[in-house]
Amino acid sequence: MDWLLQVGVHQPMLLAGYARHQVRCATYLTACNPHGQLLGAEDNARRMHQLREALKAGSWKFETGVGQDPQGQWPGEASVLVWGMDVPAARTWGEQWQQNAVLFCDVDATPALLWLR
């Protein structure tokens, strides 16, 4: 993905993705560093592989990316933008992968944190 998602900042390119995938929302999700516990690169890579395989098995369409802490205090995390993943599904997937929050993008194309804990 060659564009930036920021909490509270309208992202017009999401609208193009919504149209292309015929959806009205998306969720940015990771399997890295469960519940904020830093894991090694190998463990995070394994978890991300498992997440991508689970999404494929569920017929979800997604794009890969890297989640970055704007203050640079947390390492970047491999992530996926899952087209059409609504709030209930985002909660389920985020909790399954032991995340504290996910980034949910509603029809207005303005990402917001969806806290899970």
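The table for this structure:
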read-out	value
Looking only at region 78-103, and only at residues there that are buried (at least 21 other Cβ atoms within 10 Å of the Cβ) and out of contact with any Phe, Trp or Tyr (no Cβ under 8 Å at 6 or more places or on another chain), the one that is nearest to Ser59 (Cα to Cα)	Trp93
In region 52-72, the residues that are closer than 15 Å to Thr30 by Cβ, surrounded by 11 or more Cβ atoms within 10 Å (Cβ to Cβ) and of a type outside the set (Ser, Thr, Tyr)	Arg52, Ala54, Leu55, Trp60, Phe62, Glu63, Gly65, Val66, Gly67, Gln68
Residue satisfying all of: in region 42-92; part of a loop (DSSP other than H, G, I, E, B) and among the hydrophobic types (A, V, I, L, M, F, W, C); modelled with the lowest pLDDT among these	Trp74
Neighbours by Cβ (under 6 Å, 6+ apart or cross-chain): first from region 17-36, touching a residue at least 40 places away in the same chain (Cβ under 8 Å); second buried (at least 22 other Cβ atoms within 10 Å of the Cβ) and in a helix (DSSP H, G or I)	Thr27/Ala90; Leu29/Trp93; Ala31/Leu51
Filter result for Leu39 (modelled with pLDDT under 95 and more than 16 Å from Leu114 (Cα to Cα))	no
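The values are calculated or read from the model by the stated rules, or taken from the named source; none is laboratory data. Here the structure is a predicted model, which means the values were calculated and not measured. For neighbour counting, all protein chains shown are included, and Cβ atoms are generated from backbone atoms with ideal geometry for every residue, glycine included.
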